[in-house]
Structure formats: C-alpha cells, structure tokens
Amino acid sequence: MNTLELKPGDKVGIFYYDSVRMGTKAEIEVIERISPTGQVTLSNGKRYTSNGKEIGAVEPSYLWTLDKIQPILEKIETLERQKEAERQAYLASPEYSRKQAVNGSVKAAIAALNQYGWYTDIDGHMDVMESEIKQIIERYVSEHEPIS
C-alpha cells in the first residue's frame, strides 16, 4: 500500500495478525494526517510507517486497503453470528438449566451452613463437602427430569 496516495479523511483497513487466532481481527479507521515521508496517523492516535506497519507496537497491526479487509470483516461477522447462535442454543438447552440448578443449589446449601455458623475451615473440609454436594445434586438432576 502506498501511503503517499492516501489523504486525511480516507478510510483504511487495519489488520491485526495473531498466529493464535490466524489473523481474525480487523477494523476500519479514518486517517487523520499523513506526513511528507508517508507516515500515517489514524483518528485513534496509532501511527504507521510508510510501509503500513504500526510504529512502536510489540505485535504490530498493518494498514490494508478496504477491498482487501472487507472479506476478513465478513468472515469475522459470520463467526460472531455463529458463536452467538451457539450460545443462545446452549442457554435454551436442558444442560444449561441443569448446570444452573446445580450451581444455585450448592451455593444455597453452603450459604445456609455459613448462616448457622459452619464457616469455611482451614483444613479444607468445607471444600470437600461442597464438591460432594455438587456431585449428589448433579447425579439427581441427570436422573430426573424437571417437573415444569
């Protein structure tokens, strides 16, 4: 990308390369100013060299044209929609209800014990008991269906 051809106010794509995520982060920013040497400053304050590499970053981002960044943004949006659909399906599932019932029951049992003087002890017996209560309730909710 030739940064000298850009003008203040133009939109440019920012690509974040991350080997863990395989470069799945990108955004669009507005150019605030361009120096005579081709250094670009964006509206968010980040500066880029004339080659399009971020200045002063350990893991730098890169300037890309909008044509090149658009497919990445579409891919990111598709993945986000897919993750949200999976999350909504999980929230509506019986598995989520079981997990919530188990967690709430264990929390209520421990709170009742604490209310009447059996507080968390130094030896860790309360942690063991909490785990045992959780196992008992998990077994119960897996063997029985909810009434409503």
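When a/c is below 1.5 the answer is rounded, else prolate if a/b is larger than b/c, else oblate, so apply that to the stretch 105-148 with a ≥ b ≥ c taken from the square roots of the Cα gyration tensor eigenvalues.
It is oblate, given that a/c is not under 1.5 and a/b is not larger than b/c.
Other residues lying with their Cβ under 11 Å from the Cβ of GLU138 contribute a combined charge of +2, Lys and Arg counting +1, Asp and Glu -1. If you sort the three axes of the alpha carbon gyration tensor as a ≥ b ≥ c, you get a/c of 1.5 or more for the stretch 50-108 and a/b no higher than b/c, which makes it oblate.
Look at the dipole of the stretch 81-148 built from charges on Cβ: of SER93, GLY117, ILE147, the Cα furthest out on the positive end belongs to SER93.
Rolling a 1.4 Å probe over the heavy atoms of the protein chains gives the stretch 1-132 an accessible area of 70 Å² per residue. By the Cα gyration tensor, the chain has an equivalent ellipsoid whose semi-axes, rounded to whole angstrom, run 55, 21, 12 from largest to smallest. Put +1 on the Cβ of each Lys and Arg and -1 on the Cβ of each Asp and Glu in the chain; which of GLY45, ILE136, TYR16 then has its Cα farthest toward the positive end of the dipole? With unit charges placed on the Cβ atoms, the residue in question is GLY45.
Could you look at the stretch 105-148 and say what percent of its accessible area is carbon and sulfur, using a 1.4 Å probe and all protein chains? It is 57 percent, rounded to a whole number.
Ordered from longest to shortest, the equivalent ellipsoid semi-axes for the stretch 62-148 are 44, 20, 10 Å, each the square root of 5 times a Cα gyration tensor eigenvalue. Ordered by 1.4 Å accessible area with all protein chains kept, ILE55, ILE147 run largest first as ILE147, ILE55.
Entry note, the chain: the mean residue ellipticity at 222 nm calculated from DSSP H runs of n ≥ 4, each adding -39500 (n - 2.57), is -16000 deg cm²/dmol after division by the residues and rounding to the nearest 500.
If I compute solvent accessible area with a 1.4 Å probe over the protein chains, what percent of it on the stretch 6-83 is carbon and sulfur?
Percent of accessible area from carbon and sulfur atoms in the stretch 6-83: 52.
Rounded to the nearest 20 debye, the dipole size of the chain about its Cα centre is 600 debye, using +1 on the Cβ of Lys and Arg and -1 on the Cβ of Asp and Glu. Summing charges over all other residues whose Cβ lies under 12 Å from the Cβ of THR41, with Lys and Arg as +1 and Asp and Glu as -1, gives 0. When its C-alpha radius of gyration is set against 2.2 N^0.38 Å (N residues), the stretch 1-70 gives a value of 1.03.
The values are calculated or read from the model by the stated rules, or taken from the named source; none is laboratory data. Since the structure is predicted, the reported quantities are computational estimates derived from the model, not experimental observations. Every residue, glycine among them, receives a Cβ derived from its backbone with ideal geometry; neighbour counts consider all protein chains shown. All accessible areas refer to the heavy atoms of the entire protein, side chains included, with ligands and DNA or RNA removed. Shrake-Rupley method; radii C 1.70, N 1.55, O 1.52, S 1.80 Å.
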